[in-house]
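Asker: Before I ask anything, here is the structure I am working with.
The values are calculated or read from the model by the stated rules, or taken from the named source; none is laboratory data. This is a predicted model, so every value here is computed, not measured. Cβ placement follows ideal geometry from the backbone for every residue including glycine, while neighbour counts extend to all protein chains displayed. Surface areas here come from the heavy atoms of the whole protein model, side chains and all, with no ligands, DNA or RNA. Shrake-Rupley method; radii C 1.70, N 1.55, O 1.52, S 1.80 Å.
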Amino acid sequence: MPGTREPNPTRRRIVIVGGVAGGMSAATRLRRLDESAQITVVERSGHVSYANCGLPYYVGGVIPDEGDLLLQTPQRLLERFRLDVHVDTEVVGIDADAHTVTVRSTIDGAERSIPFDTLVLSPGAVPVRPPIPGFDRVRLLRTVEDAQRLFRDVADAPSAAVVIGAGFIGLETAENLAHAGISVTVVEAAPQVLTPLDAEMAVRLEMELTAHGVTVETGVAVSEITDHAVVLADGRALPADLVVGSIGVRPDTRLAEMAGIELGPNGGIAVNDAGQTSHPDIYAVGDAVEKADSISGGSSLVALANVANRQGRRAADHIAGRDVRFAPSIGTAIVKVFDVTAAMTGWNERRLRAAGMPYRAIHSHPMNHASYYPGAEQMTIKLLFDPVDGTILGAQAVGGSGVDKRIDVIATAMSAGVKADELADLELAYAPPFSSAKDPVNMLGYMAENVLNGDCDVVAADEVAALRAQGWTVLDVRTPGEYASGSIPDSVNAPLDELREMVSRLGNGPFVVCCQVGQRGHTATQLLHELGVTARNLDGGYLTWRATMTAARHPQPVG
Ligand SMILES: Cc1cc2nc3c(=O)[nH]c(=O)nc-3n(C[C@H](O)[C@H](O)[C@H](O)COP(=O)(O)OP(=O)(O)OC[C@H]3O[C@@H](n4cnc5c(N)ncnc54)[C@H](O)[C@@H]3O)c2cc1C
């Protein structure tokens, strides 16, 4: 272990690298806990404590005043917290043994050394820059300066823009460029947009983008960026006066590596559960570090503001002598894409499958509030849980109003160790404008309970074809009107209310029972079981089957 030094008992010198989410949370918390500490914050950009999450909305003019993004200034931080804040100053070296950092002015290049007893690294993440010819022309969106540059580009009224990458920031940027009146194409190498969602859940986002005039190209990589176009791997050239890159980020570990600090298996800074790196006087928080993963018990990279802020606070607590621990991360995130919200927590099905972890998946399509109260909107929720003990492994929701609250309730339940079937017993606020007496989260609990106790044997949409090949018949129990408006090919319509009379003519099955969302299908499946007929209910009904088939038709990656 590199040399450590007893902290200065009178006035501890704490240097913090990075003055935004994790760094500023650590700085202000430390001041609240230790009035005597000498706290220095070093920030490379021209601003501290800026709202990077709001940058896309400034670019699109939704947040018209740039000043609204600047939550603090060095002067205000000095007055209120006695923080010594240096903007336009980059930490360019760390001597861990000597307990000094070398800083360089980004304005005049002047260098000097600052001693520390404790160092906190919160340098964030760096955008991925793929080795695509012409990528130098691509705008990135990370800092206020980036947003100002992009804002000026937008003011020049480009006729066409291409956003490379359909992750959170890419989609927010696409929406905002479209909002500014620009013709936008999103190019994504994966077969779907927003890969933290499973494919069938992402279909609605793609439809929403298209409905608002954004062209979506999935399953194709960018091969070159020329002066006026983005060239795709399949040879097409998309006209583009403006190109924005949002291909992902990786932890900024340059300083840590310079200081000989250990990295974790995913390439982030390795920290213990108090935020200490392999050097006990050097802490690290935020996007740069690996997080304990609450699902696997291993570590993972989670680049989210909530995690960075709470790690900053916890590291400060530990520096101040408190016995605290970083809570494991479950990766709860949310994004707005025009009028649709997508939110998620925990692992998705793709990741569970890749890791070989056993799981069950259920889908529901509830209304956000009582359907009889004006303005009810349908959402889709997917819940993933352990098939044996019901541990919740993840959830995703896509829809309008109320999506955020359902995912936040499930995320809270996961943190508290509430099992999937126990969601049924959560006592949640209800009045018709807000929810239903059986909230969508409660309904997921009932469905999970039915699966876990064997009351309901569900079939996943992508299993239907195989079952049909084995002789199963799809029995559609919706009304003839619903059936006529779209159905699984070669299914047989037997409306639920007529099923008792029809069953003798239908034969002994076996049946995959299908309704619109899975609820009537459950009742029909139970009825068929009572009558001695083999039947399994189609999870999420026709709506989930249709989304799954739509997703399966998406192009696989080119290039
Ligand atoms: C456009 C955008 C939108 C986002 N939207 C969301 C969202 O809606 N929800 C969400 O949860 N998360 C969002 N995020 C992610 C979130 O902002 C980050 O997870 C969070 O800010 C990470 O905090 P951090 O302290 O680790 O790093 P940052 O907040 O990125 O701060 C790191 C700072 O360190 C500075 N720095 C780096 N190296 C040095 C050095 N050597 N010397 C001095 N200073 C240095 C950088 O200039 C930077 O200002 C968004 C990010 C961006 C860019």
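Asker: Please state which one of ILE261, ILE282, ILE295, ILE247 is more than 30 Å from SER183 (Cα to Cα), among the hydrophobic types (A, V, I, L, M, F, W, C), open to solvent by 20 Å² or more (accessible area, probe 1.4 Å) and touching a residue at least 40 places away in the same chain (Cβ under 8 Å).
Answerer: On inspection, the qualifying residue turns out to be ILE295.
Each row is one residue, and each column tells you yes or no for (1) open to solvent by less than 60 Å² (accessible area, probe 1.4 Å); (2) over 13 Å from ILE16 (Cα atoms).
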residue: GLU90; (1), (2): yes, no
residue: ILE107; (1), (2): no, yes
residue: ARG112; (1), (2): no, yes
residue: PRO130; (1), (2): yes, yes
residue: ASP136; (1), (2): no, yes
residue: GLU145; (1), (2): yes, yes
residue: ASP156; (1), (2): no, yes
residue: SER159; (1), (2): no, yes
residue: GLY165; (1), (2): yes, yes
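Asker: Another question, if that's okay. Could you count how many residues in segment 408-459 are in contact (Cβ under 8 Å) with a residue 40 or more places away in the chain and charged (D, E, K, R)?
Answerer: Looking only at that region, the number is 3.
Yes/no per residue for (1) open to solvent by 50 Å² or more (accessible area, probe 1.4 Å); (2) not in a helix (DSSP H, G or I):
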site: PRO358; (1), (2): yes, yes
site: ALA370; (1), (2): no, yes
site: PRO374; (1), (2): yes, yes
site: ILE392; (1), (2): no, yes
site: ALA397; (1), (2): no, yes
site: LYS405; (1), (2): yes, no
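Asker: Any chance you could count how many residues in segment 127-181 are among the aromatic types (Phe, Trp, Tyr), more than 24 Å from ALA202 (Cβ to Cβ) and within 24 Å of the chain's Cα centre (by Cα)?
Answerer: Looking only at that region, the number is 0.
Asker: Return the only residue of ARG149, ARG129 being of a type in the set (Lys, Arg) and assigned to a loop (DSSP other than H, G, I, E, B).
Answerer: When all the criteria are applied, what remains is ARG129.
Asker: Just name the residue that is surrounded by the most Cβ atoms within 10 Å (Cβ to Cβ) out of those in segment 322-356 that are among the hydrophobic types (A, V, I, L, M, F, W, C), modelled with pLDDT of 95 or more and in contact with a His (Cβ under 9 Å, 6 or more places away or on another chain).
Answerer: Kept after step one, since they are among the hydrophobic types (A, V, I, L, M, F, W, C), are these residues of segment 322-356: 324, 326-327, 330, 333-335, 337-338, 340, 342-344, 347, 352, 354-355.
Narrowing the set further to residues that are modelled with pLDDT of 95 or more leaves 330, 333-335, 337-338, 340, 342-344, 347, 352, 354-355.
With the extra rule that they be in contact with a His (Cβ under 9 Å, 6 or more places away or on another chain), the set shrinks to 337-338.
Values: VAL337: 23, PHE338: 17.
Applying the filter and picking the extreme gives VAL337.
Asker: Looking at VAL184, is it part of a strand (DSSP E or B), modelled with pLDDT of 95 or more and open to solvent by less than 20 Å² (accessible area, probe 1.4 Å)?
Answerer: Criteria met by VAL184.
Asker: Checking the conditions here, which among ALA233, ALA240, ALA202, ALA211 is small (Gly, Ala, Ser) and either in contact with a Gly (Cβ under 7 Å, 6 or more places away or on another chain) or within 16 Å of the ligand (Cβ to nearest atom) (or both)?
Answerer: One residue alone meets the criteria, ALA233.
Asker: Within segment 84-98, restricting attention to residues that are closer than 16 Å to ASP117 by Cβ and assigned to a loop (DSSP other than H, G, I, E, B), which residue is nearest to the ligand (Cβ to nearest atom)?
Answerer: Among residues in segment 84-98 that are closer than 16 Å to ASP117 by Cβ and assigned to a loop (DSSP other than H, G, I, E, B), the one nearest to the ligand (Cβ to nearest atom) is ALA96.
Asker: For segment 215-234, which positions are outside any strand (DSSP E or B) and free of Cβ contacts under 8 Å to residues at least 60 places away in the same chain?
Answerer: The one that is outside any strand (DSSP E or B) and free of Cβ contacts under 8 Å to residues at least 60 places away in the same chain: HIS228.
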